[in-house]
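Encoded as structure tokens, the structure appears first; notes follow it.
Bear in mind these aren't lab numbers, they're just calculated from the coordinates by the rules spelled out. Nothing here was measured: the structure is a model prediction, and the numbers come from that model. All Cβ positions, even for glycine, are placed from backbone atoms using ideal geometry, and neighbour counts span all protein chains on display.
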Amino acid sequence: MKYVNKIRPSVDGKGLMMGKPGYTDDLADINSLIVKVLRSPYPYAKILKINKEKAEKLDGVECVLTHKDFKRIPMTRAGQGYPEPSPHDKFILDDHVRHIGDEVAAVAAADNETADKALALLEVEYEVLEPVLNYENAYENKIIIHPEPEIHEMFPIGFEPKKNVAAAYMMNVGDVSKTLKECDVVIEESFYTQAQAHVMMEPHTANARIDFQGRLVIYSSTQTPFHVRRILSQTMEYPLSKIRVIKPRIGGGYGGKQCLHGEFLVAAVTLRTGKPSKIVYTRKEVFESTFSRHPMRFDIKLGAMKDGTLKGIDVEVLSDTGAYGEHALTVFMVAGSKVFPLYNKVDSVRFGGKVVYTNHTPAGAFRGYGAIQGNYALESAVDMLCEKLGIDPIEFRNKNMIKEGETSPIFAIMGEGTEGTAMNMESCKLEYCVKRGTELIGWNEKYPKKVMADGKIRSVGMAIAMQGSGIPYIDMGSAMIKLNDDGFFNLMVGATELGQGSDTILGQIAAESLGVDPDKVIIYSSDSDLTPFDTGAYASSTTYVSGNAVKRTADKMREMIIEEGAKALGTPVSETDFDGSSIKSNGKKITLSELSNRLYYSEDQKQLVAVESYVGTKSPPPFMAGFVEIEVDPGTGKIELIDYAAVVDCGTTINPALARVQVEGGLVQGIGMAIYEDVVYSSSGGLITNNMMNYRIPTRKEITNMHVEFADSFEPSGPYGAKSVGEIGIDTPPAAIANALYNAVGVRIQELPITPEKVLMGIIKQKDKE
Amino acid sequence: MKTKINVNGTMKTFEVKPDEYLLDTLKNSGYVSVRRGCDTTSCGVCTVLLDGNPIASCSYLSCRADEHSVTTVEGIPEDAALIADFFGHEGADQCGYCNPSMALTLYAMKRELKNPSDDEIRTYLVGNLCRCSGYVAQHRAIRAYLEVE
């Protein structure tokens, strides 16, 4: 392969480094009205009255919007395909507020200062209601968070708002109770995972204007421009054909920008005033009023025989979706469907539970999407089981984990909100990943621990993980390639570049198929008027789904070039070939540049355009093994990261440098969730970690050493053998670090994050026992 | 109040409010590469150079920059392009939102520190947060940039 599996700099990196305008707010109309939102100071309240007269009379205020200005149309901001697997339980503005930071009213004014003054002039009378702040008490609580009659599910997802249940699910393979009874060893443990904030560097932002054709143009920092267009149209009852959504460069998303946030309000302001408008979230709003990761409780039972054969997995999950049910069911299901097939040789599996509402900031999509939560629970429990069995954790995993050519019944049963799709693992190099990982970390020399001269303890721990490559039969990507005079191409894709490098790797795939230098393929992505449809950047779909669409399109363009070349040369198509620069047949040749100039200026004139689409019929999982070395200070409980070795099977890496940094970046977000990051609320429901001083993401001082490698793997259904790689990196750190900590000091932390306080308390408790 | 600031080598006069921050003055004057990330001087995305030293423009009053020189990334195109090449080779540029501020801080570091150790580099850049890259690819690129004479 000439251009695939090759390092190339990203197509936009240099321009962005040099400060070229490209992000949503760079492109806002200079005369945009500033839209700001009055947000709820209460976790749960009914709005009795909003007096907006004073604000409206303020000079420079153009528009004040309350729930009375919108028709009551229930929707979901989840940013998913249609019909959504999330309940329609949200209104653009409502007469109830359900978390601190929920929208009460919006103002649009000529400048920032006037908008702030207008917010201060709004008089709101609330009936403060008692909130539900602990998700373990939410189910069938007498306080009902969503009593409103209009809300509904789009298809059965277990939605029971009267019981505070946003979604529920249960699946069975075999009879797990019977299996566990027959096992020699059974462990039963609970694990808690916390919420996590995305902390993308660019806050959520959107702007709107009416263009010269009278159409509504929205620029949005979104991962799902086509879903934004559809949901805006449905919710505002404004024709889809009159909306154009443009996704410019995005300053990070990680799932946080799959959902819709500012788009409704700028659209409403611009449609009402006819003037351009923009909203830029404050960092506090990003923390309080967008989404974070679903906190979950796992009650897990594992049963095995003395010889180390895992026989049964029984998991009950309780997930906290916060005030609204965005991604409630699907994140919950991924905590099972992209975790438990790892151990595919079991006789039986049961996975089920509920997703409940609380009066906290809503949960939504976040890289890992349930898999990181489930992975922490399962891979911690596996180490605990190994200890009870007296079996080496790597030997246990090698014996029980999924291997190439195998399958798991879970694939057919569980999809994302729907039934799944049966598939065999045509590419699965997990055994290699584990073997190579042990070498990279020096497992045999370091396991389980070593006491250093200063009393600190170094130890190693590991976990294995899987993810997916898009949602089969749902996620669709498409591409269009246009040949230009002089012989270069435009590649138009709906796929959403959000910093992960999708524009670059899709260009590489097209170049490989066409046989031309990637510099001759000019990519343009994510503009609902100009690019073909794509569901968007989520569910690890871009490389696999959109990549396959691009490959098909480029293959078709290649055929069209050969056909036109044969016509120009007067040779049979079957005897004509295109080598990337010339079309040749029987000693005759015409360069691509000559052919295209002929097509556009002189003979047989016509425009060559190829369009193709791709919908996955399966979701081949990327796999990985993550190995960590830590140093624990038993005097303080502090954990220092010494090294992280990750060996990943994502099939072919289209661009090895970009793939590697996808994994490295994912690892650091996973490490953050494991030991540094926590979303903390006060007892009255206020978010304490609502700024970047209180919410601590890893800095470059903590992350000094990582080794990421890729297994030599080829996925037959993927473009040039590729699977997706966007999420897999995040999954292993919580379990690997928890396991390493246990190996160091014998303290098992079953509630993330693993803070020095918890570690030290564990050490003290242990000493007390002794 | 009138404030004279030399921006990227050109003396400019800005009409600023007494409580206006340099980030807003620059952004409102079309320097879009200076970006806002956090509101609490925590993330480093708004970094510019004041007389050659990196500062957080989100918490620096514009009037204090009177008669000083300010450099945004547009003022160091050759170095920004060079840094971009090293970042690009490592796949470290990712979303790019914080990269103009990274380029400016690196540019200043290269002039301030002679043969810095890995730890000195990390300490110098610790205020430039990145949520995409995981830092180690950036570090590889930074090492390569520092080797250029």
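What FRET efficiency comes out for the pair A:ASP299/B:MET1, r = Cβ-Cβ distance, R0 = 56 Å, nearest 0.05? Mind dumping the intermediate values first?
Details: r = 64 Å, r/R0 = 1.14.
Taking R0 as 56 Å, the efficiency between A:ASP299 and B:MET1 is 0.30.
So what's the net charge close to A:THR205: Lys and Arg +1, Asp and Glu -1, counting the other residues with Cβ under 15 Å from its Cβ? Mind showing how you got there, number by number?
On the way: positive: A:LYS36, A:ARG209, A:LYS247, A:ARG249, A:LYS257, A:LYS278, A:ARG283, A:LYS284, B:LYS27, B:ARG35, B:ARG36; negative: A:ASP25, A:ASP26, A:ASP29, A:GLU202, A:GLU263, A:GLU285, B:ASP39.
Once all neighbours under 15 Å are counted, the net charge is +4.
With each pseudo-label sitting 7 Å past Cα toward Cβ, what's the A:LEU271-A:GLU575 distance in nm, one decimal?
Inter-label distance under the simple model: 6.2 nm.
Taking a spot 7 Å from the Cα of A:LYS403 along the direction of its beta carbon, which residues of segment A:622-666 have an amide N less than 20 Å from it?
Within reach of a label on A:LYS403, which here means backbone N under 20 Å from a point 7 Å along Cα→Cβ, segment A:622-666 contributes A:622-626, A:647-651.
Mind giving me the nanometre distance, one decimal, between the label points for A:GLU757 and A:SER593, set 7 Å out from Cα along Cα→Cβ?
6.8 nm
Determine the relative contact order of chain A: mean sequence separation of Cα pairs under 8 Å and six or more apart, normalised by residue count, in whole percent.
Computed value for chain A: 15 percent relative contact order.
What percentages, rounded to whole numbers, describe P(r) for segment B:1-68 computed over all alpha carbon pairs with 10 Å bin width beginning at zero?
Going out from 0 Å in 10 Å bins, segment B:1-68 shows 23, 60, 17 percent.
With θ set to phi - 60°, apply the Karplus curve 6.51 cos²θ - 1.76 cosθ + 1.60 along segment A:679-688 and write out the HN-Hα couplings as whole Hz, x wherever there is a Gly or Pro.
Running phi through 6.51 cos²θ - 1.76 cosθ + 1.60 with θ = phi - 60° gives 8, 10, 10, 6, 5, 9, x, x, 7, 6 Hz.
Using amide H atoms built in the peptide plane, which far-off residues or other-chain residues are under 5 Å from A:GLU751 H to H?
HN-HN under 5 Å from A:GLU751: A:TYR192.
Compute the signed sum of charges (Lys and Arg +1, Asp and Glu -1) over the other residues within less than 13 Å, Cβ to Cβ, of A:PRO656.
Summing Lys and Arg as +1 and Asp and Glu as -1 gives -1.
When only Cα pairs under 8 Å and 6 or more residues apart are kept, what is the percent relative contact order across segment A:431-577?
24 percent
Counting other beta carbons within 10 Å of each Cβ, put A:LEU440, A:LEU385, B:LEU104 in order, fewest first.
Placing the least packed residue first, the sequence is A:LEU440, A:LEU385, B:LEU104.
Once R0 is set to 35 Å, what does the formula 1/(1 + (r/R0)^6) return for the Cβ-Cβ distance between A:ASP555 and A:ARG215, expressed as a FRET efficiency to the nearest 0.05?
In this case the efficiency is close to 0.50.
Cα gyration tensor of chain A, axes a ≥ b ≥ c as square roots of the eigenvalues: rounded (a/c below 1.5), prolate (a/b > b/c) or oblate?
Oblate shape, in that a/c is at least 1.5 and b/c is the bigger or equal ratio.
With springs only between Cα atoms under 10 Å apart, run a GNM on chain B and tell me which of B:ASP118, B:ASP51, B:ASP24 wobbles the most.
B:ASP118
What is the average number of partner chain Cβ atoms found within 10 Å of a Cβ in A:697-707? Each step should come with its number before you reach the end.
On the way: counts 5, 5, 8, 18, 6, 3, 7, 6, 3, 4, 1.
Partner Cβ neighbours, averaged per residue: 6.
Once you've got the Cα coordinates, tell me which of A:LYS90/A:LYS117; A:LYS20/A:LYS556; A:LYS306/A:LYS338; A:LYS345/A:LYS769; A:LYS54/B:LYS17; A:LYS162/A:LYS765 are over 30 Å apart.
In this structure, A:LYS20/A:LYS556; A:LYS345/A:LYS769; A:LYS162/A:LYS765 exceed 30 Å between Cα atoms.
Set the Förster radius R0 to 56 Å, insert the Cβ-Cβ distance between A:LEU530 and A:ILE143 as r into 1/(1 + (r/R0)^6), and round the FRET efficiency to 0.05. Before the final figure, lay out the partial values.
Values: r = 48 Å, r/R0 = 0.86.
Computed FRET efficiency for A:LEU530 and A:ILE143: 0.70.
What residue among B:VAL34, B:VAL136, B:VAL45 has the largest mean-square fluctuation in a Gaussian network model of chain B, using Cα springs under 10 Å?
Result for chain B, Cα springs under 10 Å: B:VAL136 fluctuates most.
So if I place +1 on the C-beta of Lys and Arg and -1 on the C-beta of Asp and Glu, and nothing else carries charge, what would the dipole magnitude of chain A be about its Cα centre? I want it in debye, nearest 20.
340 debye
Students often forget the sequence filter, so: which lysines lie under 21 Å Cα-Cα from A:LYS14 once same-chain residues fewer than 8 apart are removed?
List returned: A:LYS6, A:LYS247, A:LYS520, B:LYS27, B:LYS110.
At a 10 Å Cβ-Cβ cut-off, how would you order A:SER502, A:SER32, A:SER86, fewest neighbours first?
Numbers: A:SER502 27, A:SER32 22, A:SER86 31.
Final ranking by Cβ density, sparse to dense: A:SER32, A:SER502, A:SER86.
Among A:ILE210, A:ILE764, A:ILE464, A:ILE474, which comes first, then next, by fewest other beta-carbon atoms within 10 Å?
If I rank by nearby Cβ atoms, fewest first, I get A:ILE764, A:ILE210, A:ILE474, A:ILE464.
Taking a ≥ b ≥ c as the square roots of the eigenvalues of the Cα gyration tensor of segment A:476-615, is the shape rounded (a/c under 1.5), prolate (a/b larger than b/c) or oblate?
Prolate shape, in that a/c is at least 1.5 and a/b is the bigger ratio.
Per residue of segment A:567-582, what does 6.51 cos²θ - 1.76 cosθ + 1.60 with θ = phi - 60° give for ³J(HN,Hα)? Whole Hz please, x for Gly and Pro, Karplus curve as stated.
Computed from phi, the couplings for segment A:567-582 are 4, 5, 7, x, 10, x, 4, 5, 10, 10, 9, 10, 9, x, 10, 10 Hz.
Kindly work out what percent of the DSSP beta bridges joining two residues of the protein assembly as shown are antiparallel, to the nearest 5.
Antiparallel: roughly 80 percent of the beta bridges in the protein assembly as shown.
Using a/c under 1.5 as the rounded threshold, could you call segment B:25-102 rounded, prolate or oblate? The axes a ≥ b ≥ c are square roots of the C-alpha gyration tensor eigenvalues, and prolate needs a/b larger than b/c, oblate otherwise.
Details: a/c = 2.25, a/b = 1.56, b/c = 1.44.
Judged from the Cα gyration tensor, segment B:25-102 comes out prolate (a/c at least 1.5, a/b above b/c).
Hey, what do the phi angles of segment A:197-203 turn into as Karplus ³J(HN,Hα) couplings, whole Hz, using 6.51/-1.76/1.60 and θ = phi - 60°, x for Gly and Pro?
With the stated coefficients, segment A:197-203 comes to 9, 5, 6, 5, 5, 8, x Hz.
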